[in-house]
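**Q** Below: one structure in structure tokens.
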Amino acid sequence: MSTTDHVHDLGMPTSNPIDAAIAASVSTQGEKQTALKAKDFKTDQEVRWCPGCGDYVILNAVQSFLPSLGIAREDMVIVSGIGCSSRFPYYMNTYGMHSIHGRAPAIATGLAVSRPDLSVWVVTGDGDSLSIGGNHLIHALRRNVNITILLFNNRIYGLTKGQYSPTSEVGKVTKSTPMGSLDHPFNPVSLAIGAEATFVGRAMDSDRKGLTDVLRQAAEHQGTALVEIYQNCNIFNDGAFDLLKDPTTGTQWSIPLVHGEPLVFGPDGAACVVRDDFGGLRIAETNQVDASQIVVHDAHREDSSYAYALSRLSSQDLRYTPMGVFRSVQKATYDRMMAEQLDVAAAQGSDDLDAILGGNDTWTVSA
Amino acid sequence: MTATDPAVTAGSSAPGGFVKSVVELDRVVIRLAGDSGDGMQLTGNRFTSETASFGNDLSTLPNFPAEIRAPTGTLPGVSSFQLHFADHDIMTPGDAPDVLVAMNPAALKANLADLPGGGLLIVDSDEFTPRNLAKVGYAANPLEDGSLESWQTVSVPLTSMTLDALADSGLGKKEAERSKNMFTLGLLSWMYHRPTEGTVRFLERQFRRKPEIAAANIAAFRAGYNYGETTEAFAVSYEIKPAPMAPGKYRNISGNQALSLGLVAAAKRSGLPLFLGAYPITPASDILHELSKHKAFGIRTFQAEDEIAGIASAIGASFGGALGVTTTSGPGVSLKSEALALAIMTELPLIVVDVQRGGPSTGLPTKTEQSDLLQAMFGRNGEAPLAVIAPRSPGDCFDAAIEAARIAITYRTPVMLLSDGYLANGAEPWAVPAAEDLPDLTGTVDFATEPNGEDGEFLPYLRDPETLARPWAIPGTAGMQHRIGGLEKADRTGNISYDPENHDFMTRTRQAKIDGIAASIGPTDVDDPTGDAKVAVIGWGSTYGPIGAGVRRVRRSGRQVAQIHLRHLNPFPADLGEVLARYDRVICPEMNLGQLALLLRAKYLVDVQSHTQVRGLPFRAAELAAVIQDVIDSTSGAPLAADPTGGGE
């Protein structure tokens, strides 16, 4: 490598080959480009989702809002698992890895921990992250590694052609459950909050504005951010979210979460959220309660029981579904704390290889 | 005793007035056995350190149950530590002990059969209570019923003497009793003229926050030493002179320690940051522990939620330009299989350390075996070749780790490093290398920084014509954005490809890349001093010591035998087939049911004779010598026809 000169040009006092490679590329390709447009994030690969799939809408939304984050394409990495949504990295002109089923959070963790300079994203689905990869998801969340996880929830297995998923409603009739599914679904937001997540949001694929808003907050969050995106599979589970998408019923059954605003929703603000008698939350008719009883949304509450209670308002048929950012709190990130431990160790110890090879107890044989 | 010429070299007058003699020996094998709570491993390690610093050559065999504290005083709870030390270079921990120290009836019962008649047996008589005897099924006390007459039995009240020595320590009985291992160590240290300062320093360091415990242990240690000096029970002490070793600096090192340091050295000598993703598993966890101490080297250790996350995180780190490592044992490798194949498909550098143990399933977690060779070779879906190497001794784990890094980085491939429980926990003196003399790996690190395509595009699967490695372009490098993954990739572009010709080509190319590593590893290392041996014995991994010791015996008997020991198991050295063809008979001892033998037979059509055992313990040199000798004696120089028994034992 003939990169050492470039390193000095940039005043980077290091012989680390990673920094050297980055510096070399910058010196030949020009400074890092952060003034980008949506098309800059597109690749030459043909997008191969089924026509009408909700994934297209999400891809467009992500490509459109990314330029506003000011992250260079080469500094962004998208890691995915297996499933329809996991083809996402191929369509993004960033670094990417389409890995194996369920393991994307673990791969992203290794990358984010060893390269805190990168913006690391995980794209996953309900089967990928909640079934086969459930373990990695909860541990990524509790560690608070600096990664952003987009969980495309279509409540079905699409790529394997239509088996019920861990978010399918009880009684779901599919090829593998002709008499109806028996197991209770996960509520991904409840699960994430239970796993000590510091950022949890939910958005709808077709709601460009709401989706972009949640994605932006997630991207700016330091730590693990989980965004559940309701995504329509028009082949195997079409209309799964129609209750929330329909202009009439959508207003009735979605609860928009806006930090600092009272939780009032429904036609003419007829419904609201108040505290119940057991430390949780319940739905009430706005005209039946005193205005002071209506809960004002606070996404920054340290104690997660409020956000958890919010997530429990919805039923599996999607009535009373809060949409937006449930929880966004600041906590030290795993990658940063590890970097700090390395700094402390470097300041207190040395990296003298001879010293550790010898250890504490040596003897010398003389000639 | 195994002394060739036990010679009384000196006499000294003990304080009691009787004369104590000193006998010179050339080597001794001591086995310490007790309950898992008795601290036998610690005692053994301390005795080993004393012995190492004295300058003897040595080899150790810790042997302990998987249970942390099996019921006290029972046979399953017995833990032992065998140490072989000598005034010359030795290769094994010894076939059988010359001296057995049994801390309780269970330890006696579990180990007595291994002590040859006439051997020295030291027992803690305090522990031979009716209750303890009954626990292990002794109807009568063997110390009293004459059943130990074939051995030189010395019955010592180790527990009560420890309690006496600590009467003024302020410790309770239970706590004071725990120092009986140090009393025993003191006694042995006197018997074998071991230096004691190291142990005193160690105890002070170990218990620096509990000075009263440190003081008690040191007092017990000294009391044991003084007891040896004054008692009439031991009239003889033994001297084993330092072994002649090449000049230089030495330390005592276990395989797991050496392997860890090898990884640190590989990182330092390549300039790459080391990332270890690991899930705790016996007997590999000590590598995680050791590497976690070396954060000052920029080493990141990540205790993952499971084995899969261990390797997955390492793959992520490698994608980012780190030297990704994951450490585990056999069952962990099974869990990592799918991710290993991802690393093969994405062609990223990765080191997978498998410290093998008895299998299948949970098997024998604390016992050694080398039965993961075929899993390492083939244990994945699809045609999924990777490099496989193995260390031959505890100290050699250091060099093997550096070699694994060289291959992984140069060829952008996972490398499986097959250590085992015996190497991991066994120890030997190690000539400390100078950092500057270690291989310089900076040349192997060659991150791609410029597009390589004719039209200014980056082609992530355009290979180096010599190594067939694909470019390693790390995130953060401008203009090199690309996507990799587990789906089949088109040659050059790395785009998803389901094209039949492309898959055939890529499958063969991945294989050719691994096969091509042979060009970088040199010819087979053959030890055939006279050059006219008709029989060769071939092995891999930790059998090096026992095979080498067996070969020495055979040669001492006037017979010729060649020894071949493989570091590289995939690919094999390029000339291995030719080398094997030179011999009329080839014997392959393995601690499995013939896995290397299967590979050699398949690849070279050589009638390899497999000799196997899976007892969770290393081979005995004498047994291997007998096997080799039989083959030599039955070979009259002419190649035998194919063995009708299929090469079995």
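The values are calculated or read from the model by the stated rules, or taken from the named source; none is laboratory data. All of these numbers come straight from a predicted model, not from anything done at the bench. Note that we place each Cβ from the backbone using ideal geometry, even for glycine, and neighbour counts take in every protein chain shown.
**Q** For A:ALA112, indicate whether it is touching a residue at least 40 places away in the same chain (Cβ under 8 Å), touching a strand residue (DSSP E or B) at 6+ places or on another chain (Cβ under 6 Å) and closer than 15 Å to A:THR224 by Cβ. Outline the logic, then answer.
**A** Values: touching a residue at least 40 places away in the same chain (Cβ under 8 Å): yes; touching a strand residue (DSSP E or B) at 6+ places or on another chain (Cβ under 6 Å): yes; closer than 15 Å to A:THR224 by Cβ: yes.
So A:ALA112 fits the description; yes.
**Q** Going through the range B:477-495 one residue at a time, which ones are farther than 16 Å from A:TYR95 by Cβ and more than 7 Å from chain A (Cβ to nearest Cβ)?
**A** B:GLU488, B:ALA490, B:ASP491, B:ARG492
Yes or no, residue by residue, for (1) surrounded by 21 or more Cβ atoms within 10 Å (Cβ to Cβ); (2) assigned by TED's automatic domain parsing to the domain that holds B:GLU305; (3) over 24 Å from B:PRO429 (Cα atoms); (4) among the aromatic types (Phe, Trp, Tyr):
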| residue | (1), (2), (3), (4) |
| --- | --- |
| B:PHE234 | no, no, yes, yes |
| B:ALA246 | no, no, no, no |
| B:ASN256 | yes, yes, no, no |
| B:SER260 | yes, yes, no, no |
| B:ALA265 | yes, yes, no, no |
| B:SER270 | yes, yes, yes, no |
| B:PHE275 | yes, yes, yes, yes |
| B:ALA278 | yes, yes, yes, no |
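**Q** Now, a different point. If the requirement is being modelled with pLDDT of 95 or more and touching a Gly at 6+ places or on another chain (Cβ under 9 Å), which of these qualifies: A:THR174, A:THR94, A:THR148?
**A** A:THR174
**Q** If you scan the range B:179-195, which residues turn out to be surrounded by fewer than 18 Cβ atoms within 10 Å (Cβ to Cβ) and more than 14 Å from every other protein chain (Cβ to nearest Cβ)?
**A** Of the range B:179-195, the ones surrounded by fewer than 18 Cβ atoms within 10 Å (Cβ to Cβ) are B:193, B:195.
Of everything in the range B:179-195, just one residue is surrounded by fewer than 18 Cβ atoms within 10 Å (Cβ to Cβ) and more than 14 Å from every other protein chain (Cβ to nearest Cβ), namely B:HIS193.
**Q** Let me ask you something else. Quick check on the range B:399-442: of everything there that is acidic (Asp, Glu) and within 11 Å of chain A (Cβ to nearest Cβ), which residue is surrounded by the fewest Cβ atoms within 10 Å (Cβ to Cβ)? Spell out the reasoning first.
**A** Residues of the range B:399-442 acidic (Asp, Glu): B:399, B:403, B:420, B:428, B:436-437, B:440.
If we keep only those that are within 11 Å of chain A (Cβ to nearest Cβ) too, we end up with B:436-437.
Details: B:GLU436: 9, B:ASP437: 7.
By that ranking, first place goes to B:ASP437.
**Q** Further, regarding this structure: Among the numbered conditions (1) in contact with a His (Cβ under 8 Å, 6 or more places away or on another chain); (2) more than 8 Å from every other protein chain (Cβ to nearest Cβ); (3) at negative phi, tell me where A:THR34 comes up short.
**A** (1)
**Q** Sticking with this structure for a sec: So, in the range B:129-150, how many residues would count as being touching a residue at least 24 places away in the same chain (Cβ under 8 Å), surrounded by 12 or more Cβ atoms within 10 Å (Cβ to Cβ) and within 21 Å of B:PRO76 (Cα to Cα)?
**A** The qualifying residues number 6.
**Q** So, one more: Condition first: closer than 17 Å to B:GLY55 by Cα and buried (at least 21 other Cβ atoms within 10 Å of the Cβ). Now tell me which residues in the range B:196-206 satisfy that. Talk me through it step by step, then tell me what you get.
**A** Taking the range B:196-206 as the starting set, the residues that turn out to be closer than 17 Å to B:GLY55 by Cα are B:196-199.
Scanning the range B:196-206 gives a single hit, B:THR199.
**Q** On to the next question. Would you pick out the residues in the range A:74-97 that are facing chain B (nearest Cβ under 7 Å) and either over 27 Å from A:ALA35 (Cβ atoms) or not in a strand (DSSP E or B) (or both)?
**A** Listed by number, the residues that qualify are A:GLU74, A:ASP75, A:PRO89, A:TYR90, A:ASN93, A:THR94.
**Q** Output the number of the condition that B:ALA341 fails; it satisfies all remaining conditions of (1) in contact with a helix residue (DSSP H, G or I) (Cβ under 9 Å, 6 or more places away or on another chain); (2) in a helix (DSSP H, G or I).
**A** (1)
**Q** Can you confirm whether A:TYR334 is within 14 Å of chain B (Cβ to nearest Cβ), within 30 Å of A:TYR230 (Cα to Cα), surrounded by 12 or more Cβ atoms within 10 Å (Cβ to Cβ) and not charged (D, E, K, R)? Don't jump to the end; show me each part of the working.
**A** Working: within 14 Å of chain B (Cβ to nearest Cβ): yes; within 30 Å of A:TYR230 (Cα to Cα): yes; surrounded by 12 or more Cβ atoms within 10 Å (Cβ to Cβ): yes; not charged (D, E, K, R): yes.
Taking the combined requirement at face value, the residue satisfies it.
**Q** Scan B:VAL352, B:VAL325, B:VAL333 and give me the residue that is more than 10 Å from chain A (Cβ to nearest Cβ), under 27 Å from A:ALA347 (Cα atoms) and buried (at least 23 other Cβ atoms within 10 Å of the Cβ). Walk me through it before giving the result.
**A** On the way: B:VAL352 fails: under 27 Å from A:ALA347 (Cα atoms); B:VAL333 fails: under 27 Å from A:ALA347 (Cα atoms).
That would be B:VAL325, the only listed residue that is more than 10 Å from chain A (Cβ to nearest Cβ), under 27 Å from A:ALA347 (Cα atoms) and buried (at least 23 other Cβ atoms within 10 Å of the Cβ).
**Q** Continuing with the same structure: Contact list please: Cβ distance under 7 Å, first residue in the range B:31-58 and part of a loop (DSSP other than H, G, I, E, B), second residue not small (Gly, Ala, Ser), pairs at least six apart or on different chains.
**A** Filtered contacts from the range B:31-58: B:GLY39/B:ASN181; B:GLY55/A:TRP363; B:GLY55/A:VAL365; B:GLY55/B:PRO242; B:ASN56/B:PHE85; B:ASN56/B:ASP87; B:ASN56/B:ILE240; B:ASN56/B:PRO242.
**Q** Name the residue that is farthest from A:THR109 (Cα to Cα), counting only residues in the range B:269-305 that are in contact with a Gly (Cβ under 6 Å, 6 or more places away or on another chain) and aromatic (Phe, Trp, Tyr). Walk me through how you get there before you give the answer.
**A** First, the residues of the range B:269-305 that are in contact with a Gly (Cβ under 6 Å, 6 or more places away or on another chain): B:273, B:275, B:277-279, B:281, B:283, B:296, B:302, B:304.
Now drop any that are not aromatic (Phe, Trp, Tyr), which leaves B:275, B:279, B:302.
Values: B:PHE275: 11, B:TYR279: 15, B:PHE302: 9 Å.
Looking at the filtered set, the residue picked out is B:TYR279.
**Q** Whether any residue in the range B:223-233 is of a type in the set (A, V, I, L, M), within 14 Å of another protein chain (Cβ to nearest Cβ) and not in a helix (DSSP H, G or I) is what I want to check.
**A** At the first step, the residues of the range B:223-233 found to be of a type in the set (A, V, I, L, M) are B:223, B:233.
Remaining after also requiring within 14 Å of another protein chain (Cβ to nearest Cβ): none.
No, every residue in the range B:223-233 fails to be of a type in the set (A, V, I, L, M), within 14 Å of another protein chain (Cβ to nearest Cβ) and not in a helix (DSSP H, G or I).
**Q** Moving on. Which one of these is in contact with a helix residue (DSSP H, G or I) (Cβ under 7 Å, 6 or more places away or on another chain), of a type in the set (D, E, K, R) and surrounded by fewer than 22 Cβ atoms within 10 Å (Cβ to Cβ): B:ARG483, B:ARG463, B:ARG510, B:ARG492? Walk me through it before giving the result.
**A** Details: B:ARG483 fails: surrounded by fewer than 22 Cβ atoms within 10 Å (Cβ to Cβ); B:ARG463 fails: in contact with a helix residue (DSSP H, G or I) (Cβ under 7 Å, 6 or more places away or on another chain); B:ARG492 fails: in contact with a helix residue (DSSP H, G or I) (Cβ under 7 Å, 6 or more places away or on another chain).
Result of the check over B:ARG483, B:ARG463, B:ARG510, B:ARG492: B:ARG510.
**Q** Taking the range B:284-321 as the search range and keeping residues that are outside any helix (DSSP H, G or I), facing chain A (nearest Cβ under 7 Å) and not hydrophobic (A, V, I, L, M, F, W, C), which one is surrounded by the fewest Cβ atoms within 10 Å (Cβ to Cβ)?
**A** For the range B:284-321, the residue satisfying everything is B:ASP306.
**Q** So, one more: Inspect the range A:352-365 for any residue being more than 14 Å from chain B (Cβ to nearest Cβ), buried (at least 17 other Cβ atoms within 10 Å of the Cβ) and without any contact (Cβ under 8 Å) to a residue 40 or more places away in the chain and give the result as yes or no.
**A** Initial filter on the range A:352-365 (more than 14 Å from chain B (Cβ to nearest Cβ)): none.
No, the range A:352-365 has no match at all.
**Q** Kindly indicate which of B:GLY298, B:GLY316, B:GLY359, B:GLY320 is in the same structural domain as B:GLY271 (by TED's automatic domain parsing), at pLDDT 95 or above and under 25 Å from B:TYR422 (Cα atoms).
**A** On the way: B:GLY298 fails: under 25 Å from B:TYR422 (Cα atoms); B:GLY316 fails: under 25 Å from B:TYR422 (Cα atoms); B:GLY320 fails: under 25 Å from B:TYR422 (Cα atoms).
Step by step, each of B:GLY298, B:GLY316, B:GLY359, B:GLY320 is checked, and only B:GLY359 is in the same structural domain as B:GLY271 (by TED's automatic domain parsing), at pLDDT 95 or above and under 25 Å from B:TYR422 (Cα atoms).
**Q** Here is a further query. Which count do you get for residues in the range A:279-291 that are over 21 Å from A:PHE326 (Cα atoms) and either surrounded by 14 or more Cβ atoms within 10 Å (Cβ to Cβ) or out of contact with any strand residue (DSSP E or B) (no Cβ under 6 Å at 6 or more places or on another chain) (or both)?
**A** Narrowing the range A:279-291 to residues over 21 Å from A:PHE326 (Cα atoms): A:285-291.
Keeping just the survivors that are either surrounded by 14 or more Cβ atoms within 10 Å (Cβ to Cβ) or out of contact with any strand residue (DSSP E or B) (no Cβ under 6 Å at 6 or more places or on another chain) (or both) gives A:285-288, A:290-291.
Of the residues in the range A:279-291, 6 are over 21 Å from A:PHE326 (Cα atoms) and either surrounded by 14 or more Cβ atoms within 10 Å (Cβ to Cβ) or out of contact with any strand residue (DSSP E or B) (no Cβ under 6 Å at 6 or more places or on another chain) (or both).
**Q** Does B:SER53 satisfy the criteria of being surrounded by fewer than 17 Cβ atoms within 10 Å (Cβ to Cβ) and modelled with pLDDT under 90?
**A** no
**Q** Quick check, is B:HIS289 within 26 Å of the chain's Cα centre (by Cα) and free of Cβ contacts under 8 Å to residues at least 24 places away in the same chain?
**A** Details: within 26 Å of the chain's Cα centre (by Cα): yes; free of Cβ contacts under 8 Å to residues at least 24 places away in the same chain: yes.
Taking the combined requirement at face value, the residue satisfies it.
**Q** Among residues belonging to the range A:98-110 that are assigned to a helix (DSSP H, G or I) and within 7 Å of another protein chain (Cβ to nearest Cβ), point out the one that is surrounded by the most Cβ atoms within 10 Å (Cβ to Cβ). Working first, answer last.
**A** Residues of the range A:98-110 that are assigned to a helix (DSSP H, G or I), as a first pass: A:104-110.
Checking the rest, the ones that are also within 7 Å of another protein chain (Cβ to nearest Cβ) come to A:106-110.
Values: A:ALA106: 35, A:ILE107: 32, A:ALA108: 33, A:THR109: 33, A:GLY110: 33.
Filtering first and then ranking leaves A:ALA106.
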